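These notes are about the structure you will find just below.
The values are calculated or read from the model by the stated rules, or taken from the named source; none is laboratory data. The structure presented is a predicted model; accordingly, all values stated were derived computationally and were not measured. Cβ: placed from backbone, ideal geometry, glycine included. Neighbour counts: every protein chain shown.
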Amino acid sequence: MKWLRDNFFSSWAQGAVSLAMLALLWHAVPAFVDWAFLDAVWRPDSKACRAGEGACWGFIAEKHRFILFGTYPYDEHWRPAAASALLVGLWIVSLMRRFWSWWLVPTWVAGLALIALLMWGGVLGLDYVENERWGGLILTLLLTTFGLAAAFPLSILVALGRRSELPVVRALCIAYIELIRGVPLISLLFMASVMLPLFLPAGVSIDKLLRAQIALILFAGAYLAEVVRGGLQAIPRGQYEAAAALGLSYAKRMAFIILPQALRIAVPPLVNTFIGFFKDTSLVLIIGLFDLLSTIKISLNEPAWTGFGIEAYLFAAVVYFVFCYAMSAYSRGLERR
Amino acid sequence: MRGIGYQALALALVLGVAWYLISNTLANLEARRIASGFAFLRREAGFEIGQSFFLSYGAADSYLRALVVGVVNTLTVSLIGIVIATLLGTAVGLSRLARNFLLRTLAGGYVEFVRNVPLLVQLFFWYAIITEVLPHPRAALEPLPGVFLSNRGIFFPTLASTPELQGFNFAGGAALTPEFAALLAGLATYTAAFIAEIVRAGILAIERGQWEAALAVGLTRRQALRLVVMPQALRVIVPPLTSQYLNLTKNSSLAVAIGYPDLVSIANTTINQTGQAIEGIAVIMAVFLTVSLTISALMNWYNARIALR
């Protein structure tokens, strides 16, 4: 009773706000439940969907294989499914504090080799699948993973460069960071898709997936560098001075004294940047790659299923939400320790 | 001495890579017979633009004018978006600190959901709501007299005229295209969730003693917030708020995905028609860098004004 009074009716104005909110919920919640569950059509039948009043989850039921795996050969869908599970597993293991050691590096190398084997095939009786046919969830996960794996070392170098005492190195690093952070990701992706072919000597070409990946790496590198720099700045001066007093070289001071501490401090903001990057990979849709959002959008183009955009994008939102919320809950857990 | 060696090496490396890329590009442009330079800007664009604020534009106008229309469209949606996102974000941020349980929980749920879903998904979602859920113009919703919501856009009266149904669509008054409305709604609600967190953190950063002192001199909670806590919290809020404004402006480039003619979308059409990829992308980057630096400068000036002296 006291809880109710404190939280709902501590004054007349509070009571009015509470009643207004309750009225809003009273109207919105039953209408949503009716639409999303009670009146929804669950079987993949577009005629029933068009006749019904509720949501058309049949669309997802019909298209889930294409949404998750894109144009990967239908009979081989277990391969991207296994690769996705493996990749998510690697992420979960790496985020657990008790596994933080140098062992993670060989584990990742082995895991990624296995994923490459599963996705490309061509040996051990697996059919070869060229990467133009990769799509859906695994593409989103791969773009995120390789983007971060390459951008993270780059960002450490750039962050150290930005705090370096050498003016030329510092100027180059500042120029890179500010240039990338000043323009939208879309313009970098366009640049990669139309200008990269011009940059290379005649006859050399690189495929669309790799071009988008390069743009994403350059983008993530600049943002991660600023987070790492924040960590470096949080290390007390005494640590730098003590390391120098021991007579260690610059490389040893950074690798064994400064970076291990700075990166530990920077873990929560790093995870937040990872979440942002995971969301940003959805932009590759605009340059024509078949990531998760793209396969959902393409599924809507089929005449039988046009007009179910609300259901489709709610589904996309839920999938992205599950991944991002898990990561942000993890990051909050770290901050609380 | 070793430092100079390293710097010379770094500089040589960067210049070498740049020289390699530029020489390849020049050779490729030569081979494809593309004349570089900005002369194409004077040529006739030949495409229509769905929405243009303040400027008249027709297909017979030049590429330069088309790009200027794009810049104006980008700035318009960004400015309106920034205003709405700030108001909504502040309201939600304050609600998260409210004593009222329902208000607090609803605001928290909104922030958590919106922040963890990509903006592009949200833009598609808003666009789907407008084009799929809203009725045809003939059955348009009229929430306020003279304001019509339909799947062809949002129509509202101006001082000069009011929208009226003519044939299959409205004429008169002013109109927001579905693309503009979806982009504005998506940008504003997305950025508002981030602003709400910044406002909340800013207010929480003010120590309890300030609240207690303000209440002790007889101010109400509302007065304490407005007169004592908020002016101090602003110093914490403004720097991260600046980067949210920059993000919103950069995110407005996602317009290209739902067909609102912003700068990126028009530059993209120009590149496809003329093949002038380098110039087109240079224009996009130059405009966004200018806008970013301008917003930073304005916010730094405001920040200096409210800072402790």
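Here are a few things to note about the model shown:
- Matching option when the condition is among the β-branched types (Val, Ile, Thr) and surrounded by fewer than 13 Cβ atoms within 10 Å (Cβ to Cβ), among B:Ile4, B:Ile49, B:Ile84: B:Ile4
- Inside the range B:165-189, residues that are surrounded by 13 or more Cβ atoms within 10 Å (Cβ to Cβ) and either in a loop (DSSP other than H, G, I, E, B) or of a type in the set (Asp, Glu) (or both) make up a count of 4.
- Any hit, the range B:41-56, residues being away from every other protein chain (no Cβ under 11 Å), in a helix (DSSP H, G or I) and either modelled with pLDDT under 90 or over 22 Å from A:Val194 (Cα atoms) (or both): yes
- Selection of the range A:303-313 for residues being touching a helix residue (DSSP H, G or I) at 6+ places or on another chain (Cβ under 8 Å) and more than 7 Å from chain B (Cβ to nearest Cβ) yields A:Ala304, A:Trp305, A:Phe308, A:Glu311, A:Ala312.
- Being among the small types (Gly, Ala, Ser), more than 10 Å from every other protein chain (Cβ to nearest Cβ) and either closer than 22 Å to A:Met96 by Cβ or crowded, with 21+ Cβ neighbours inside 10 Å (or both) holds for only one residue in A:Ala255, A:Ala262, and it is A:Ala262.
- The single condition among (1) among the small types (Gly, Ala, Ser); (2) within 14 Å of chain A (Cβ to nearest Cβ); (3) closer than 22 Å to A:Val17 by Cα; (4) buried (at least 19 other Cβ atoms within 10 Å of the Cβ) that B:Ala91 does not satisfy is (4).
- Residues that are assigned to a helix (DSSP H, G or I) and away from chain B (no Cβ under 14 Å) were ranked within the range A:37-56; the one that is nearest to the chain's Cα centre (by Cα) is A:Phe37.
- Any hit, the range A:65-81, residues being surrounded by 15 or more Cβ atoms within 10 Å (Cβ to Cβ) and within 14 Å of chain B (Cβ to nearest Cβ): yes
- Among the residues of this structure, A:Phe199 counts as one that is under 20 Å from B:Met285 (Cα atoms), facing chain B (nearest Cβ under 7 Å) and at pLDDT below 85.
- The listed residue being closer than 17 Å to B:Val72 by Cα and either among the small types (Gly, Ala, Ser) or in contact (Cβ under 8 Å) with a residue 12 or more places away in the chain (or both), out of B:Ser243, B:Ser253: B:Ser253
- Taken as a whole, the range B:145-156 holds no residue that is within 14 Å of chain A (Cβ to nearest Cβ), under 21 Å from the mean Cα position of the chain (by Cα) and either in a strand (DSSP E or B) or buried (at least 21 other Cβ atoms within 10 Å of the Cβ) (or both).
- Here A:Asn272 meets each of (1) more than 30 Å from A:Thr71 (Cα to Cα); (2) more than 14 Å from chain B (Cβ to nearest Cβ); (3) within 30 Å of the chain's Cα centre (by Cα) with one exception, condition (2).
- So A:Phe199, is it within 21 Å of B:Ala12 (Cα to Cα) and of a type in the set (Phe, Trp, Tyr): yes
- Those residues of the range B:1-16 which are facing another protein chain (nearest Cβ under 10 Å) and of a type in the set (A, V, I, L, M, F, W, C), in sequence order: B:Ile4, B:Ala8, B:Leu9, B:Ala10, B:Leu11, B:Leu13, B:Val14
- Only one of A:Gly136, A:Gly121, A:Gly161 that is in contact (Cβ under 8 Å) with a residue 12 or more places away in the chain and within 14 Å of chain B (Cβ to nearest Cβ): A:Gly161
- Check on B:Ser36, more than 10 Å from chain A (Cβ to nearest Cβ), over 25 Å from A:Leu198 (Cα atoms) and among the polar types (S, T, N, Q): no
- Subset of the range A:123-153 [assigned to a loop (DSSP other than H, G, I, E, B) and of a type in the set (Asp, Glu)]: A:Asp127, A:Glu130
- Residues in the range B:190-208 include at least one that is without any contact (Cβ under 8 Å) to a residue 24 or more places away in the chain, assigned to a helix (DSSP H, G or I) and farther than 30 Å from B:Val121 by Cβ.
- For the range B:133-143, the criterion of being touching a Lys or Arg at 6+ places or on another chain (Cβ under 8 Å), part of a helix (DSSP H, G or I), within 14 Å of chain A (Cβ to nearest Cβ) and touching a residue at least 12 places away in the same chain (Cβ under 8 Å) is satisfied by no residue at all.
- Among (1) of a type outside the set (A, V, I, L, M); (2) surrounded by fewer than 23 Cβ atoms within 10 Å (Cβ to Cβ); (3) modelled with pLDDT of 85 or more, the one test that B:Asn300 misses: (3)
- Here A:Gln213 meets each of (1) of a type outside the set (Gly, Ala, Ser); (2) touching a Lys or Arg at 6+ places or on another chain (Cβ under 7 Å); (3) more than 13 Å from every other protein chain (Cβ to nearest Cβ) with one exception, condition (2).
- Taking helices (runs of 4 or more DSSP H) as the structural unit, those lying wholly within the range A:182-233 and holding at least 1 residues that are within 17 Å of the chain's Cα centre (by Cα) and closer than 22 Å to B:Tyr245 by Cβ correspond to A:185-190, A:208-233.
- Any hit, the range B:264-283, residues being of a type outside the set (A, V, I, L, M, F, W, C), at positive phi and surrounded by fewer than 20 Cβ atoms within 10 Å (Cβ to Cβ): yes
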